[in-house]
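Here the structure is laid out as structure tokens; the discussion comes afterwards.
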Amino acid sequence: MTQQFLRDDDLMPFVEGLMNRYPVIAPVAKRTRFVFEKLIAADDLRLDYDTTVLPPKKVFFPSRQDLIHFDQQGFSACIEPQAQVLMGVHPHDIKGIAMSDRFYSDRHFDNNYMAYRQVTYIIGSSVQQHYKYAFFGSINADKPLSGHDLFMTKIDGGYVIEVVSDKGAELLACGSFSEASPAQIAEAEAVNAAAMENCPQKLNGGSAEIREKVRAAYESPLWDEMSEDCFSCGSCNIVCPTCYCFDVQDEWNVDGASGCRFRLWDACLTSEFSEVTGPGGTENFRDKRAERYRHRYMRKAAYLNDQLGGPACTGCGRCSGACTADIANPVNVINKVLEQ
Amino acid sequence: MAKLKCAWFDFACCEGCQVELTNYGEPFVQLLEHLEPVEFREVMSEKTTGPIDVAFIEGSFTREADRRRLEEIRARAKVVVAYGSCATSGGINALKNHMDDYAGEVYGADKDRPHLNSAKALPVSAAIKVDYEVRGCPMDRDELLRIVQQVVHGTAKVYVPSYPVCVECKRRETVCRYDDGEYCLGPIARAGCGAPCPADGIPCEACRGLAEQPNQEAMVKVLVDNGKLPQQRAENLSRMFTANFRGDA
């Protein structure tokens, strides 16, 4: 597909052009952090963001999603997908979306997630600032990007826009572009390679080694030691781009005859996640915090690594930053396991 | 279907939960299609001594005389709902539980007046069997509504989370107070409120009590290291609403 060039001065008209046709969800500032949010004004866009509190997955699957409304006559679906643009997605988050797409469509096709996913245009963007916990240069680094429609790389004087899909080509009508020169394309490639190279944190092993070593460490005393300060608060789960578990609940209206079934993001670090109730009573199959803490690394680094051919991790570093006790950093934990 | 006879009773508390309920508006009016209030101090002057279907109890159990009154309510109520932090945990009143001279501290020279005589502040469940608890200061009126709805219609048990407030803060993408170097009890506080306080720039004080398996030692460490609180304040912080559930209760 083609490579276009967007001058710095043409960025805002392009964003406004997109906003005239679609809701545009993009990184904006929120206090000391950034979040993906629907743009109200084009210049709220912050392509220089380091990371967002929540990953862009929330655009297809919000943290609470109504599934059906029911009454005595029957039930009806709540989803109302409409075309939207998700803009400014970093390369490692594009990989995260590709993993979620697989989780929500491979064995069981999740209509609620996929309906929103399929109507969304994704515009990737280069990393202009690193989040201090980022390590995406050393995990799944060789995996090609897929599933996005355009990719914009900041270079001197503007952006090189790689047109990745036919859907992406449609969006070019919203702005004015010129064909990128070979020198601009080469500069963009260098910018993206440098972003991978310059991550502040680094894993010391490849996908296969991580899978074998983490699995072999199942009985290691490490999990007890490292989880001593764990709050079982699930923050590492909730901010993770590849966590996909959810809880389904019904809420009845006061009339006792109608209500709503909804789902909420769930978190396997919380103790109630592994609580099951049967005829014999309630029991917890991962009652200890060390078991739950270990489970997260087993899932991401071993079990899902088998399925995906790499850890279910993008190296975004959100979990490391979200952990108030500072014990969730995969770089610290996995590098320690690799030393064993 | 006959309306359920309901009565509201208050013990050691500010009655703010009753006010919270009367301020509810439309949902409370809808509820009155199914309930008949027979005693409710904040809204009516009638009293009752007969059998009741649902007793709503607010406030903590802090005097022996309270026990008799609670037992009498239990004896004539089919269902007992304790609501608000005072009734479910002892509430702020339990701040006195670890102090020897709390009366002197608060009332000075008047401390020996007989009506100020009280014992430890405890939840209602320390005196009588409680069927449902609605936590929070003030109680969560949506949750109370769902529980009443369940009692009225006999629908499935209302789910209330037991995990920490952090889950709900993250779900609504509130910037963590610790990111700004501010303190918060969210990591050990029980969720279910939807985490409105940190979103409004107020620290979580754990008004719904402690989460399941709270890591209190790690909390003190984080309050000192990241929240910049002095050691003693960090150790005492969670007393405000969880005095009866702490390791040192």
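Worth pointing out:
- Test: residue in the range A:284-305 that is part of a strand (DSSP E or B) and within 14 Å of chain B (Cβ to nearest Cβ): yes
- Residue within the range A:116-136 that is at pLDDT below 95 and part of a loop (DSSP other than H, G, I, E, B) present: no
- Some residue of the range A:307-326 being at negative phi, surrounded by fewer than 17 Cβ atoms within 10 Å (Cβ to Cβ) and more than 14 Å from chain B (Cβ to nearest Cβ): yes
- Put simply, of A:GLN249, A:GLN184 the only residue that is surrounded by 18 or more Cβ atoms within 10 Å (Cβ to Cβ) and either at pLDDT below 95 or not in a strand (DSSP E or B) (or both) is A:GLN184.
- Sole exception among (1) over 28 Å from B:VAL148 (Cβ atoms); (2) buried (at least 21 other Cβ atoms within 10 Å of the Cβ) for B:TYR183, by number: (2)
- When we screen B:LEU145, B:LEU95 for residues that are within 14 Å of another protein chain (Cβ to nearest Cβ) and either hydrophobic (A, V, I, L, M, F, W, C) or not in a strand (DSSP E or B) (or both), the only hit is B:LEU145.
- All positions within the range B:192-226 that are crowded, with 19+ Cβ neighbours inside 10 Å, facing chain A (nearest Cβ under 9 Å) and in a loop (DSSP other than H, G, I, E, B): B:ALA211, B:GLN213, B:PRO214, B:ASN215, B:ASN226
- One residue stands out among those in the range A:265-283 that are out of contact with any helix residue (DSSP H, G or I) (no Cβ under 7 Å at 6 or more places or on another chain) and buried (at least 18 other Cβ atoms within 10 Å of the Cβ): the one that is farthest from the other protein chains (Cβ to nearest Cβ), which is A:PHE273.
- Pair list, Cβ < 7 Å and 6+ apart or interchain, from the range B:67-79 residues that are in the same structural domain as B:PRO123 (by TED's automatic domain parsing) to residues that are modelled with pLDDT of 95 or more and part of a helix (DSSP H, G or I): B:LEU70/B:VAL124
- Here B:PRO187, B:PRO230, B:PRO214 are screened, and the one residue that is touching a strand residue (DSSP E or B) at 6+ places or on another chain (Cβ under 6 Å) and more than 15 Å from B:SER85 (Cβ to Cβ) is B:PRO187.
- Qualifying residue in the range B:155-168 (condition: closer than 27 Å to B:ARG68 by Cβ and surrounded by fewer than 18 Cβ atoms within 10 Å (Cβ to Cβ)): no
- When the criteria are applied in full, A:HIS69 fails the requirement of being modelled with pLDDT under 95, away from chain B (no Cβ under 14 Å) and outside any helix (DSSP H, G or I).
- Screening B:GLN150 against (1) surrounded by fewer than 20 Cβ atoms within 10 Å (Cβ to Cβ); (2) at pLDDT 95 or above leaves a single unmet condition, (2).
The values are calculated or read from the model by the stated rules, or taken from the named source; none is laboratory data. All values derive from a computational prediction rather than experimental measurement. Cβ coordinates were reconstructed from backbone atoms using ideal geometry, including for glycine residues, and neighbour counts include every protein chain displayed.
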